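Chemist: One structure, as structure tokens, below. Some questions next.
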Amino acid sequence: MMIFRIAWRNVWRSRGRSLVVMGSIVLGIWALIIGTGFMNGFMVSYMADVINHDISNIQIHNPEFKNDYDIKFSIPDGLNKAKELASWEGVRGATARSLVRGMISSAKKASGIEIRGIDPETEARVTRLDSIVVDGRYFKGIRRNPLLLGEKLARELNVRVKSKVVLTFNDGHGEITAAAFRVAGIIKSSSVKMNGGYAFVLRKDLNKLLGLGNVVHEIALVTDPLVDEDQIVKKYHQLYPNDLAETWSEIAPELNFMQEMYGSMLYVLMGIIMTALVFGIINTMLMAVLERIRELGMLMAVGMVRAKVYLMVMVETIFLSLAGAPVGLGIGWLTIKYFRHVGLDLSNYSAALETYGYSSILYPYVETQTYFIVTLGVIITAIIGAMYPSWKAIHLKPVEALHKI
């Protein structure tokens, strides 16, 4: 206990130096929490937007359809399967779609797109498509052949609400079919595909033009939070082994890759901050040891063993870490809480962010366990940083140290 009391008093003998070390620890913890929060915010918002508004948690197809998007490969009895799935435990909603790839053209330009025939009511439950309409109305206001398209695509085609566009595609017999549609609404999403790669029409309108009856090419499901999607896929395969059911991680493996990449970037960020902190602690504690050469020499001369001198310097550093860590945690938590509520406006960089599918409003997010990991990491860093000054202290020769000025 005496070592701890001496170490605590030594911490406050030089308040300025101690406050510098504490300040660096506070800044290190704050920087790690903010860096983690912002990186999580980018990742979570991107994945949430793609999953919630585009691919959903689970998709079901005819296995042959995924090979070349041939519209003749539909899901047998797709509408009834979608209704059945919507009633399953853990499934919040299910919607059936007909899909075809084709061209959309206006008076200015033509572009290749995926045409999605949807049921507005069930689609809104699954992808909340109605919530991202920024101009016009969700399949309302147009009596015949209404259409929704992304803001980026509308800008490229130079069209707006009630403008006429022409969709061209191959029907079920392989014949080229063209039909005029009018823009009922324009949607905006951070998803690149939603913003510029899809045109949404009524499924009944598209199926009539395809000439294939009431076909369904895709069933999309959204699940309740914390539901094991793999279990739902397994159950579906047991009932309908001839269909292909996939989770979002199988549909979009690039999302898993991005998670791993962001995790690696976070470790790099943590390594940079920790390294800077280590050198700061080494510098400060080494100064403390050199300033107290005579004192340390006296302690060893009167019989204090070197192990206790080593422990004393280490304990001083740990005290400094424990004093700074709560402050850094508190400031970091308050910062994250504030920006999580109001968001960080990155509108000045919106054009660049939209190119990569990120939202211009960032909401940082930090898991509770991250606060403990960061604190533990900083304390370990402080201990590592104190090793060399402690080693320097125990290698002093008492006789020489006593004669130091």
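The values are calculated or read from the model by the stated rules, or taken from the named source; none is laboratory data. Predicted model only: the values in this text are computed from it and were never measured. All Cβ positions, glycine included, derive from the backbone under ideal geometry; neighbour counts span all protein chains shown.
Chemist: When you go through (1) surrounded by fewer than 15 Cβ atoms within 10 Å (Cβ to Cβ); (2) of a type in the set (D, E, K, R); (3) at pLDDT 90 or above one by one for R143, which number turns out not to apply?
Modeler: Of the numbered conditions (1) surrounded by fewer than 15 Cβ atoms within 10 Å (Cβ to Cβ); (2) of a type in the set (D, E, K, R); (3) at pLDDT 90 or above, the odd one out for R143 is (3).
Chemist: While we're on this one: How many residues does the stretch 47-59 contain that are buried (at least 23 other Cβ atoms within 10 Å of the Cβ) and either in contact with a helix residue (DSSP H, G or I) (Cβ under 6 Å, 6 or more places away or on another chain) or within 16 Å of V227 (Cβ to Cβ) (or both)?
Modeler: 3
Chemist: Can K109 be described as over 29 Å from the mean Cα position of the chain (by Cα), within 20 Å of M194 (Cβ to Cβ) and either surrounded by fewer than 18 Cβ atoms within 10 Å (Cβ to Cβ) or outside the structural domain of H217 (by TED's automatic domain parsing) (or both)?
Modeler: yes
Chemist: Let me ask something additional. Answer with yes or no whether I6 is among the hydrophobic types (A, V, I, L, M, F, W, C), under 30 Å from T381 (Cα atoms) and assigned to a helix (DSSP H, G or I).
Modeler: Yes: the conditions hold for I6.
Rundown of residues vs (1) closer than 18 Å to D119 by Cβ; (2) in contact with a helix residue (DSSP H, G or I) (Cβ under 6 Å, 6 or more places away or on another chain); (3) surrounded by fewer than 19 Cβ atoms within 10 Å (Cβ to Cβ), yes/no style:
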| position | (1), (2), (3) |
| --- | --- |
| E175 | no, no, yes |
| A180 | no, no, yes |
| S190 | no, yes, no |
| N195 | no, yes, no |
| A199 | yes, no, no |
| R203 | yes, no, no |
| L210 | yes, no, no |
| D224 | no, no, yes |
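Chemist: Of all residues in the stretch 106-150, which are in a loop (DSSP other than H, G, I, E, B) and touching a His at 6+ places or on another chain (Cβ under 9 Å)?
Modeler: Hit for the stretch 106-150 is R128, nothing else.
Chemist: Then there's this: Consider I232 against the criteria (1) hydrophobic (A, V, I, L, M, F, W, C); (2) out of contact with any Phe, Trp or Tyr (no Cβ under 9 Å at 6 or more places or on another chain); (3) buried (at least 20 other Cβ atoms within 10 Å of the Cβ): it satisfies all of them except one. Which criterion is unmet?
Modeler: Exception for I232: condition (2).
Chemist: Further question: Looking at E218, E246, which is the one that is touching a strand residue (DSSP E or B) at 6+ places or on another chain (Cβ under 6 Å), surrounded by 18 or more Cβ atoms within 10 Å (Cβ to Cβ) and at pLDDT 80 or above?
Modeler: E218
Chemist: Still on this structure: Got a number for residues in the stretch 60-71 being buried (at least 19 other Cβ atoms within 10 Å of the Cβ) and assigned to a loop (DSSP other than H, G, I, E, B)?
Modeler: Summing the residues that are buried (at least 19 other Cβ atoms within 10 Å of the Cβ) and assigned to a loop (DSSP other than H, G, I, E, B) in the stretch 60-71 gives 2.
Chemist: Only one of (1) part of a helix (DSSP H, G or I); (2) at pLDDT 90 or above fails for S74. Which number is that?
Modeler: With (1) part of a helix (DSSP H, G or I); (2) at pLDDT 90 or above applied to S74, the lone miss is (1).
Chemist: Shifting gears a bit: Please go through the stretch 164-196 and pick out each residue that is aromatic (F, W, Y) and over 12 Å from G102 (Cα atoms).
Modeler: F181, the sole residue that qualifies.
Chemist: Do any residues in the stretch 13-27 that are within 15 Å of F319 (Cβ to Cβ) have Cβ atoms under 9 Å from those of residues that are acidic (D, E) and in a helix (DSSP H, G or I), where the two are at least six apart or on different chains, and which pairs are they?
Modeler: From the stretch 13-27, the pairs are S14/E291; R17/E291; S18/E316.
Chemist: While we're on this one: Given the residues G93, G16, G37, G23, which is the only one that is farther than 30 Å from T247 by Cα and under 31 Å from the mean Cα position of the chain (by Cα)?
Modeler: G23
Chemist: Please determine whether any residue of the stretch 58-78 is farther than 30 Å from L212 by Cα and polar (S, T, N, Q).
Modeler: no
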